[in-house]
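Asks: Dropping a structure here in structure tokens format, bear with me for questions.
The values are calculated or read from the model by the stated rules, or taken from the named source; none is laboratory data. Here the structure is a predicted model, which means the values were calculated and not measured. FYI the Cβ positions are ideal-geometry reconstructions off the backbone, even for glycines, and counts take in every protein chain you see. Ligands, DNA and RNA are stripped out before the accessible areas are found, and what is left, the full protein with its side chains, is counted by its heavy atoms. Shrake-Rupley method; radii C 1.70, N 1.55, O 1.52, S 1.80 Å.
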Amino acid sequence: MRLRNVNIATLVAVLLSGACAYAQFPGMQQAKHYAWSDKSLSPDARADLVIKEMTLDEKILLLHGGGLGMMSTGPSESNGGAGYTRSIPRLGIPAIQMADSAYGVTLGAMKGRYSTALPNNLGAASAWDTESAYEYGQLIGRELRNQGYNMSLGGGVNLTREPRNGRTFEYQGEDPLLAGTLDGWVEKGVQSQHVIGDLKHYAMNDQESGRDAVNVHADKRSMRETDLRAFEIALGISDAGGVMCSYNRVNGTYACENSYLLTDVLKKDFNFKGFVVSDWGATHSDAKASHAGLDMEQPGDFFFGENLKKAVQSGSVSEAEINEHVHRILRTMFANGLFDYPTKTEVPDVDRGYAVAQKIAENSIVLLKNGHNVLPLTGVRTVAVIGGHADVGVLSGGGSAQVSAPGGSPVPPPPAKDMMSMFIHPQWMPSSPLRALKSNLAGAQVTYDSGDDVAAAVAAAKKADVAIVFAYQWETESQDLPTLDLAPEQNKLIEAVAAANSKTIVVLETGSPATMPWIDKVAGVVEAWYPGIRGGEAIANVLTGAVNPTGKLAITFPRSDADLPHPTLVLPPPSSKPDYSHMKSIDDFMKVAAKGLPPFDIAYDEGLKVGYKWYDAEKKPALFPFGFGLSYTTYAYSGLSVTAGETTKVSFTVKNTGKRAGTEIAQVYASLPDSAGEPPRRLIGWARAELAPGESKQVSVDVSRDRLTVYDEASNSWKLVPGKYVILAGSSSRDLPLQQTVSF
Ligand code: BGC
């Protein structure tokens, strides 16, 4: 059997889920009193008290995963998640049970437990809403606890440099302030449930192709102001307990043994108090990784088990360094209540999950085009729904983030080509847009055509007042998209239906931007992302006007791949591709991963110009710019006033000039003085303004100094460049009617 691009986590977790029995350790059952049981002590003090009692073996035990031995016949403490650390009953130290949980708890349903599939992360980011980000995390945290987990593996916050990245759907878009802020609130929500939060994949892990071999080249300033800035902001808000270092190398050194990233930046400059956990199989050394700042190897112990112990015994790693790692892990466990609030398995509150998922989906959907106000659908008698399996469900994102569809995917998987495709294949959530549309449009005739036969779809479209084509792009960890273009047959279907019915609306379910060669031929376009377990209902509510769309893009939609900073995806040479052909067991697989692969290079020479900053600097039109999204009402901006200071006060008026109530996401950008050497504009704040028809509101945005500073490599500090700053406000990065110049 030959496996390509194997996703370790999924493979491991899938295999484990059936095989593991969760054995309670007798010592864990009675709550014994220890010196560190005193809740009035600080997490640091409590951690130090434990460390004093620990043997070297016990310390080492905390620094690595329980290993793949949990698949073996003996008892295992694994709860069936992607990874865990063992408990130490003698000292009352509980196991850390980790589960992937980017947009919901994964693998829970495989054990017969339900978990809520929320809209994917990039989708949810389009709500630009810190409150719903918090609710998103809270729900994930609650459902993790329900299922016996006390650490989340989610929180993807890499900025999208390469939108064809198969994990774009798991991240929060292309702007460090927006992504960092939203992810910070998600993780704060997770941690509110006594579950350790996690940010990943640290850092510059921007594509899946050759992810464990790629050597990313980027200068410090570009890193600090883009990806690393997003991590910094997210950490500042959430105090997330875990940061997962990534598979790739950065400037020649693996991320998980990169002292610049782990120690100089994360632990020193960001003042990170939690622990660094390696991505699954991303540890490649013992002493080197330990010195660099890696605290925990997952999922096994190739390096941070016996090897690390030997390194301590031989003196190449000091016990003080081991204590530092252990301290970080224990203090994080105390800080998040792992000792004081043990998990209690409970049935998740499905209705509550549905309500949260639907609300977030409704806030996430972005109306991209609405020619002649074709939407919302009012007074229509006949609607032809076409394609995208809209009769049975909505698409979801794959890989370790995959939340299982309750009851199984209503669209059967294609025949498996190999072991991986048995587990990694498109899954639809059973939430049918067709059913929801029929219910919302009770008086109308709503038909469905699969779109498999273009002629039949055209005939259906011709007979209807309105045609709605559902198109999609499936995305998953471990594979990048070859292009942002939809599959040719989907583009053909859209063209043909649009030629047959001038009121054709396209609903997209994608995890990345999509190109739209047919944009001028269709009347409407709605981006629904992977909208989760209530996606069908949310889409129908937006299409029929029960919900007025508010979402705005957290990512630029380019006209074509040719406009991207890297027009073609950089692929690994054959020598940098893993050979798993001799793999007989997961252990063999892990050994291959641990050994590492010859590097290949990607130069991120677009530097600071990530996302919209690239298009602005290169003066390239976008198909839809960052921050863009329409509504069924309209808004007008006026009266900007800016008072510069330590906190710069920006205020302006937004008026709802239409006939429907709506919420406008008003955005504030800054152009820095030329001498700062920055791209033309950066987002410095936003506000959500809820407005009744005809209502005006004054919107105030406070801009802290750090949103205007630039990173100075020579002094390793952030500087406010003296000069003139243009502050702009409006409805997207390319529609900024208000501006005022201030000096600093
Ligand atoms: C993924 C991580 C995931 C881990 C555990 C890795 O392959 O890159 O995002 O958390 O597996 O499943």
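Asks: Which of the following residues is under 22 Å from GLU53 (Cα atoms) and open to solvent by less than 40 Å² (accessible area, probe 1.4 Å): LEU338, LEU266? Explain how you work it out, then say what you get.
Replies: Values: LEU266 fails: under 22 Å from GLU53 (Cα atoms).
Among LEU338, LEU266, only LEU338 is under 22 Å from GLU53 (Cα atoms) and open to solvent by less than 40 Å² (accessible area, probe 1.4 Å).
Asks: Moving on to the next point. Sort out which residues of region 199-258 are in contact (Cβ under 8 Å) with a residue 60 or more places away in the chain and assigned to a strand (DSSP E or B), and write them in order of number.
Replies: Listed by number, the residues that qualify are LYS200, HIS201, TYR202, VAL214, ASN215, VAL216, HIS217, GLY242, MET244, ARG249, TYR254.
Asks: Could you tell me which residue of region 96-133 is modelled with the highest pLDDT, considering only residues that are surrounded by fewer than 23 Cβ atoms within 10 Å (Cβ to Cβ) and assigned to a loop (DSSP other than H, G, I, E, B)?
Replies: Result: TYR114.
Asks: Scan region 213-246 for residues that are within 15 Å of VAL276 (Cα to Cα) and open to solvent by 10 Å² or more (accessible area, probe 1.4 Å) and jot them down.
Replies: Within region 213-246, GLU232, LEU235, ASP239 qualify.
Asks: Given the criterion within 20 Å of TYR711 (Cα to Cα) and within 16 Å of the ligand (Cβ to nearest atom), identify the matching residue among ASP264, ASP227.
Replies: Numbers: ASP264 fails: within 16 Å of the ligand (Cβ to nearest atom).
Unique residue meeting the criteria: ASP227.
Asks: Continuing with this model, one more query. Output the residues belonging to region 295-308 that are within 15 Å of the ligand (Cβ to nearest atom) and of a type outside the set (D, E, K, R).
Replies: Of everything in region 295-308, those that are within 15 Å of the ligand (Cβ to nearest atom) and of a type outside the set (D, E, K, R) turn out to be MET296, GLN298, PRO299, GLY300.
Asks: Within region 531-544, how many residues turn out to be over 19 Å from VAL350 (Cα atoms) and open to solvent by less than 10 Å² (accessible area, probe 1.4 Å)?
Replies: Result for region 531-544: 4.
Asks: Could you check PRO572 against (1) open to solvent by 60 Å² or more (accessible area, probe 1.4 Å); (2) within 19 Å of ASN158 (Cβ to Cβ) and say which number it fails?
Replies: For PRO572, the exception is condition (1).
Asks: With the requirement that a residue be more than 13 Å from the ligand (Cβ to nearest atom), out of contact with any Gly (no Cβ under 6 Å at 6 or more places or on another chain), of a type outside the set (Ser, Thr, Tyr) and in a loop (DSSP other than H, G, I, E, B), what does region 269-294 give you?
Replies: Across region 269-294, the qualifying residues are PHE270, ASN271, PHE272, LYS273, ASP286, GLY293, LEU294.
Asks: Let me ask something additional. Mind checking which residues of region 287-300 are touching a strand residue (DSSP E or B) at 6+ places or on another chain (Cβ under 9 Å) and closer than 13 Å to HIS325 by Cβ?
Replies: ALA289, ALA292, GLY293, LEU294, ASP295, MET296, GLU297, listed by residue number.
Asks: Further question on the same structure: Taking the conditions exactly as written (within 26 Å of GLN402 (Cβ to Cβ), more than 16 Å from the ligand (Cβ to nearest atom), open to solvent by 30 Å² or more (accessible area, probe 1.4 Å) and at pLDDT 95 or above), does PRO513 satisfy them or not?
Replies: It is false that PRO513 is within 26 Å of GLN402 (Cβ to Cβ), more than 16 Å from the ligand (Cβ to nearest atom), open to solvent by 30 Å² or more (accessible area, probe 1.4 Å) and at pLDDT 95 or above.
Asks: If you go through region 594-604, how many residues are farther than 15 Å from ASN205 by Cα and open to solvent by 40 Å² or more (accessible area, probe 1.4 Å)?
Replies: Just the residues of region 594-604 that are farther than 15 Å from ASN205 by Cα, to begin with: 594-598.
Among the residues that remain, those that are also open to solvent by 40 Å² or more (accessible area, probe 1.4 Å) are: 595, 598.
Selection size over region 594-604: 2.
Asks: Need at least 3 residues that are open to solvent by 40 Å² or more (accessible area, probe 1.4 Å) per element, so show me which strands (runs of 3 or more DSSP E) inside region 605-719 make the cut, counting only ones lying wholly within it. Even if it seems obvious, please write down each step before you answer.
Replies: Values: elements: 635-643, 647-656, 662-671, 682-691, 696-704, 710-712, 717-719.
Strands (runs of 3 or more DSSP E) meeting the threshold: 635-643, 647-656, 682-691, 696-704.
Asks: While we're looking at this one, here's another question. Tell me, yes or no, whether region 359-379 has at least one residue that is among the acidic types (Asp, Glu) and either open to solvent by less than 40 Å² (accessible area, probe 1.4 Å) or touching a residue at least 60 places away in the same chain (Cβ under 8 Å) (or both).
Replies: Yes, the conditions are met somewhere in region 359-379.
Asks: Something else now. Just the residues that are part of a helix (DSSP H, G or I), over 12 Å from LYS359 (Cα atoms) and of a type in the set (Gly, Ala, Ser), please, taken from region 537-566.
Replies: Passing the criteria: ALA540, ALA562.
Asks: Next up: Out of the residues in region 146-172 that are buried (at least 24 other Cβ atoms within 10 Å of the Cβ) and closer than 22 Å to ILE93 by Cα, which is nearest to the chain's Cα centre (by Cα)?
Replies: Ranking the candidates gives LEU153 first.
Asks: Looking only at residues in region 156-193 that are within 14 Å of the ligand (Cβ to nearest atom) and small (Gly, Ala, Ser), which one is farthest from ARG142 (Cα to Cα)?
Replies: Among those that are within 14 Å of the ligand (Cβ to nearest atom) and small (Gly, Ala, Ser), it is GLY166.
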